[in-house]
Amino acid sequence: MIAEKIAEKLAALAPEVLDIVNESHMHSGPATDSHFKVVIVSAAFEGMRPVARHQNVYGLLSAELEGPVHALSVHAYTPSEFDPQTVPLSPNCRGGSKVG
């Protein structure tokens, strides 16, 4: 399962919180393991700008991003920054061909 592979690879960051949500059902087309939201809280992000945190996560998941994962939403926090009530909700997909 893709979520398990994501969890295994992100374990390298010793996360205090790791929430992996398969959001494929929210997108147009058949529901597959292709769209994920990751909330990760790790002391490894201390002193890193948000872009560097995302690059770190993308680097660890490069094989998945080249293959089965079409979209990855990353919310990366340090322990002192994290408030579960402020994690953004994911929008519903409008689909690539839909106008609106």
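List of remarks:
- For region 41-100, filtering for residues that are among the aliphatic types (A, V, I, L, M), part of a loop (DSSP other than H, G, I, E, B), at pLDDT 90 or above and surrounded by fewer than 16 Cβ atoms within 10 Å (Cβ to Cβ) leaves 2.
- Top-ranked residue in region 11-21 [being within 22 Å of A71 (Cβ to Cβ) and in contact with a strand residue (DSSP E or B) (Cβ under 6 Å, 6 or more places away or on another chain); ranked as modelled with the lowest pLDDT]: V21
- Each residue in region 37-78 was checked for being in contact with a helix residue (DSSP H, G or I) (Cβ under 6 Å, 6 or more places away or on another chain) and either basic (K, R) or free of Cβ contacts under 8 Å to residues at least 12 places away in the same chain (or both), and 1 pass.
- Taken over region 44-62, the residue count meeting the criterion of being over 13 Å from L10 (Cα atoms) and among the small types (G, A, S) is 2.
- Test: L13 is out of contact with any Ser or Thr (no Cβ under 8 Å at 6 or more places or on another chain), surrounded by 16 or more Cβ atoms within 10 Å (Cβ to Cβ) and aliphatic (A, V, I, L, M): no
The values are calculated or read from the model by the stated rules, or taken from the named source; none is laboratory data. Just so you know, these numbers come straight off a predicted model, no measurement behind them. Virtual Cβ from ideal backbone geometry, glycine too; neighbours counted across all protein chains shown.
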